Amino acid sequence: MNRAARKDPGRFVTFEGGEGSGKSTQIKLLAEHLRKADYDVLETREPGGSPNAEAIRQFLLSGMAEGKGPRAEAMLFTAARMDHVEQTIRPALESGTWVLCDRFMDSTRVYQGMDLDTETVDLLEKIAVDKTRPDLTILLDLPARLGLQRALSRDPDGIKDRFEKEDEAVHEARRQAFLQLAAADPKRFAVIDASKPAHIVDSMVWKACRRRFGIRTPMGV
Ligand code: T5A
C-alpha cells in the first residue's frame with residue numbers, strides 16, 4: 001500500500017525564482033525522488049494548471065493584458081490561481097497527493113506586487129489561496145543575467161513572452177524581492193543556489209525537502 005493509501009497528508013511544495021532559474025528542471029527531479037520514496041505526486045504550474053487557468057495563461061503571457069496595468073494583470077493571475085487551487089491543488093492534497101507547483105502566490109507578490117500596494121496583494125492572495133498555503137517554498141536563486149541566458153539558450157529562436165522581454169535590471173530587482181520574501185519567512189522558504197550544475201541543485205533541493213518533512217530514505221537514495 002502506498003503512502004497516499006495509508007492516508008498520509010499530501011504536502012504542497014512551490015518553486016519560485018526568476019526566468020530560467022531551473023524550476024521546471026528541478027520539479028521533475030524532485031518528483032522522481034518522491035515517487036521512488038513511494039509518494040503520489042502531481043506536477044503543476046502557474047499561471048495554469050487547470051483548463052480555465054491555462055486559457056488565462058495564454059491571455060497573460062501573450063501580453064494582451066499588459067496595457068490594462070498591474071492591477072488588472074494581478075486580478076487575472078488571481079482568477080487563474082483561484083481556479084487552479086479549487087480544481088487541481090486542493091483535491092490532490094485532500095487525496096494525499098503531493099503537489100509540486102512551478103510558481104505560486106510569491107510570483108504575484110514579486111512580479112505584480114512591485115507596482116501595487118501591499119493591502120491589494122494581501123487581499124488578492126486571500127481570495128485565491130485562503131488556507132491552501134505552501135508547506136515548503138524552494139527559491140532557486142541566481143543572477144538575473146544567467147537565468148535570462150539559460151532561458152534564451154533553451155529556445156534561441158523562440159518568441160519572448162510578456163515578462164521575458166523586460167530589462168535585466170527589472171529581473172534583478174525581482175530577484176532581490178524574492179530574497180526579501182524568503183528572509184521574512186525562513187520557516188517556509190529554502191533558498192538554493194541555482195547557479196550550480198543541475199545535479200548539485202537537485203541534491204540541495206532533495207535535502208531541503210527531506211529535512212523539512214522528515215523523510216527517511218535508504219542510504220544513497
Ligand atoms: N508570473 C507568473 C507573474 O508575473 N505573476 C504570477 O503570479 C505568476 C504565477 C510565467 C511568467 O509569468 C509570470 C512570471 C513568468 O514571467 P513561464 O513560461 O511559465 O512564465 O516561465 P518561467 O516560470 O519564468 O520559467 P522558465 O520556463 O523561464 O524557466 P524555468 O522553469 O525556471 O527553467 P528551466 O528548468 O526550464 O531551465 C531553463 C534552461 O536552463 C537549463 C535547462 O535545461 C533549460 O534549458 N538549466 C540549467 N542549465 C545549467 N545549470 C542548471 N542548474 C540548469 N537548470 C536548468
- prompt: Using θ = phi - 60° and the Karplus curve 6.51 cos²θ - 1.76 cosθ + 1.60, what whole-Hz ³J(HN,Hα) does each residue of the range 88-105 get, with Gly and Pro shown as x?
  reply: 10, 6, 4, x, 5, 4, 5, 8, x, 7, 7, 10, 10, 10, 7, 6, 7, 4
message: If I fit a long axis through the Cα atoms of helix 70-84 and take the longest principal axis of the Cα atoms of the chain, what angle between them do I get, 0 to 90°, rounded to 10?
response: 30
task: Could you tell me which of rounded, prolate or oblate describes the range 83-153, using a ≥ b ≥ c as the square roots of the eigenvalues of the alpha-carbon gyration tensor, with rounded for a/c under 1.5 and, failing that, prolate when a/b is larger than b/c and oblate otherwise?
output: oblate
- line: Spelling it out for residue 10: with amide H atoms placed in the peptide plane at 1.01 Å from N, the residues 5 or more places away or on another chain with amide H under 5 Å from its amide H are 96, 97
- prompt: About its Cα centre, how strong a charge dipole does the range 51-94 have in debye, to the nearest 20, once Lys and Arg get +1 and Asp and Glu get -1 at the Cβ?
  reply: 140
query: Which parts of the range 6-41 would a label at residue 173 reach, counting a residue when its backbone N lies under 12 Å from a point 7 Å out along Cα-to-Cβ?
result: none
message: Assuming 0.36 nm per residue, please report the length gained on full extension of the stretch residue 159 to residue 133 beyond their Cα-Cα distance.
response: 6.1 nm
Nearest-20 debye value, the chain charge dipole, Cβ charges on Lys, Arg, Asp, Glu: 1000
- prompt: Expressed as an acute angle from 0 to 90° and rounded to the nearest 10, what is the orientation of the C-alpha long axis of helix 51-61 relative to the principal long axis of the chain?
  reply: 40
query: So, in Å, what gap is there between the alpha-carbon centers of the range 160-221 and the range 59-81?
result: 25
Cα centroid separation, the range 35-55 to the range 97-118 (Å): 16
field: Calculated P(r) of the range 9-213 - Cα pairs past 21 Å, %
entry: 51
- prompt: Between residue 71 and residue 54, what length comes free when the chain is fully extended (0.36 nm per residue of separation minus the Cα-Cα distance, one decimal in nm)?
  reply: 4.1 nm
task: Would you mind classifying the range 10-50 by shape? Square roots of the alpha carbon gyration tensor eigenvalues, ordered a ≥ b ≥ c; an a/c under 1.5 is rounded, otherwise it is prolate if a/b is larger than b/c and oblate if not.
output: oblate
message: Taking just the alpha-carbon atoms of the range 47-110, what radius of gyration and Dmax come out, in angstrom?
response: 12.3, 41
field: Using alpha-carbon coordinates, inclination of helix 168-184 to the longest axis of the chain, degrees
entry: 40
field: Positive-end residue, the chain charge dipole about Cα centroid, Cβ charges, pick of 214, 113, 10
entry: 214
query: For the range 96-221, with equal point scatterers placed on the C-alpha atoms only and solvent neglected, what are the log10 I(q)/I(0) values from the Debye formula at q = 0.14, 0.15, 0.16, 0.21 1/Å, to two decimals?
result: -0.76, -0.86, -0.97, -1.41
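Where a number appears in this text, it was derived from the coordinates with a stated rule and is not lab data. Just so you know, these numbers come straight off a predicted model, no measurement behind them. Ideal geometry is used to build each Cβ from the backbone, glycine not excepted, and the neighbour counts take in all protein chains shown.
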